[in-house]
Amino acid sequence: MIQLYKSLEDKNFWYKKYVLCTEAYLVAIRHAPEIAFDELELFYGNRESLLKILDSLDEKIQALVADKERMGLELNSEQSTKVQFYLREKDSLVSKIVDLDKELMAEIDVLRAKGEEKLKLLAKGKKALAKYKSSSGGNEKIDKRV
């Protein structure tokens with residue numbers, strides 16, 4: 001039973017790491033979006049690594065539960081309460097992750113919209129500048145006259 005508790009505790013520990021990773025990136029994207037976008041692949045890589053750790057813990061927990069069932073062992077009320085505590089904590093962390101991901105996606109959408117607006121303004125500026133540029137052939141004629 002101690003192994004099951006430890007595995008559930010470890011799983012929640014790694015969920016907390018996942019939350020911290022997402023919170024840190026959200027702060028970075030709010031305060032230094034240019035730098036944060038440069039680190040986007042690193043952020044996703046970190047999250048993928050954390051998900052692999054969580055998946056391996058899930059497999060370990062499933063194996064422990066299957067062993068208990070094969071032995072015909074059932075949880076008493078105290079054990080069940082402790083397991084439920086870990087599961088509620090996990091649910092709370094997962095809910096927080098979902099909320100953080102929604103915030104992150106909203107921030108990225110805002111930055112994307114700002115970027116699109118800047119590109120439109122840049123295109124307008126280039127178009128206006130092109131109207132005032134003389135052609136290269138015209139410059140040569142002026143140079144020859146001078």
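The values are calculated or read from the model by the stated rules, or taken from the named source; none is laboratory data. Values in this document were obtained by computation on a predicted structure and should not be read as measured data. Here the Cβ positions follow ideal geometry from the backbone for every residue, glycine too, while neighbour counts run over all protein chains shown. The area values use the complete protein model at the heavy-atom level, side chains included, leaving out ligands, DNA and RNA. Shrake-Rupley method; radii C 1.70, N 1.55, O 1.52, S 1.80 Å.
Only one of the numbered conditions (1) among the small types (Gly, Ala, Ser); (2) open to solvent by 50 Å² or more (accessible area, probe 1.4 Å); (3) more than 12 Å from the chain's Cα centre (by Cα); (4) within 26 Å of LYS114 (Cβ to Cβ) is violated by ALA32, and that is (2). For the stretch 74-97, the count of residues that are over 23 Å from GLN3 (Cα atoms), open to solvent by less than 80 Å² (accessible area, probe 1.4 Å), free of Cβ contacts under 8 Å to residues at least 12 places away in the same chain and touching a helix residue (DSSP H, G or I) at 6+ places or on another chain (Cβ under 6 Å) is zero. Every condition in (1) open to solvent by 80 Å² or more (accessible area, probe 1.4 Å); (2) in a helix (DSSP H, G or I); (3) not β-branched (Val, Ile, Thr) holds for ALA63 except the one numbered (1). None of GLU39, GLU23 is in contact with a helix residue (DSSP H, G or I) (Cβ under 8 Å, 6 or more places away or on another chain), open to solvent by less than 80 Å² (accessible area, probe 1.4 Å) and of a type in the set (Asp, Glu) except GLU23.
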